[in-house]
Amino acid sequence: LNAEQHAAVMAWLDALAAKVIYSSEHLLVAAHTIRRGETLYDIANQYNVEYRLLLNINRKAVSDPLVLVPATDLKVVPGPFRAEVNLTTNELTLYLNDMYAGRFPLTLGDQSPQPGDFKVIDKKSPQKTYVGLDGRTIPGDDPTNPYGGWWISLGGEVCIHGSPTIPGPKPLGCISLSPQDAQDAYGILSIGSEVKIRK
């Protein structure tokens, strides 16, 4: 495909993923009917996805993940999600099993990762302290903190995170997403989700 054709196909795929995965329509599996005593955490564990994703998809039916109305139908998706980070195109692409699930542009910081296969091992929001290569620390509530309130650890020094409220002269950290994209990725990738980093 030439560049114009590629852009058209990707725009079509983005719209399709938004409808199939993130809309409230039951297009992948049948609706989940809430049972008495069930919480959104229980349902998320059953389908191997983040409860935040189910909360976002079902925001008209659910306001509190701990208080669900029995016999209500919820949109669910069978997980887990995985991600691929392309260091050449500066893009993070999400997949639900083998289905395309969206993409986010990224910026590489001063701790750019090496290619490899990783898994999400930890997540913190919103007060993760940044520790630089030079030992400098920036508290989580500082507007110049490179993590921007969202931090997903892939082990060692490799992480996916947000962006500072007040940008500095050069990007810091590892794999940086916009504040909204970082929040979305945080609510989609769960502990154990696979992340492949490649050039």
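The values are calculated or read from the model by the stated rules, or taken from the named source; none is laboratory data. Because the structure is predicted, anything quoted here is derived from the model rather than measured. Here the Cβ positions follow ideal geometry from the backbone for every residue, glycine too, while neighbour counts run over all protein chains shown. Areas reflect the complete protein model, heavy atoms only, side chains present, ligands, DNA and RNA absent. Shrake-Rupley method; radii C 1.70, N 1.55, O 1.52, S 1.80 Å.
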Return one whole number: the accessible area per residue of the chain in Å², for a 1.4 Å probe. 53
How do the peptides 97-110, 14-27 rank, highest first, by the average count of neighbouring beta carbon atoms within 10 Å per residue? 97-110, 14-27
Using a 1.4 Å probe over the heavy atoms of the protein chains, calculate the carbon and sulfur portion of the accessible area of segment 1-77 as a whole percent. 56
How far apart, in nm, are the 7 Å Cα→Cβ label points at Thr165 and Lys19? 3.9
Under 5 Å, built H, 5+ apart or other chain: amide partners of Leu74: His32, Thr33, Ile34
What does the extension gain come out to for Asp142 and Leu87, with contour length at 0.36 nm per residue minus their alpha carbon separation? 17.0 nm
Would you count, across the chain, every pair of lysines whose alpha carbons are under 22 angstrom apart, provided the pair is eight or more residues apart or spans two chains? 10
Amide H proximity to Tyr130 below 5 Å, modelled H, separation 5+ or other chain, gives Ile138, Gly140
In segment 117-167, which trypsin sites (Lys or Arg not before Pro) fall in coil by DSSP and have 12 or fewer other Cβ atoms within 10 Å? Arg136
Show the residues, 5+ positions off or on another chain, whose built amide H is closer than 5 Å to the amide H of Leu172. Asp110
Taking the Kirkwood radius as the inverse of the mean 1/r across Cα pairs, report the Rg/Rh of the chain. 1.00
If R0 is 22 Å, what FRET efficiency do you get for Ala71 and Asn48 from their C-beta distance, rounded to 0.05? 0.40
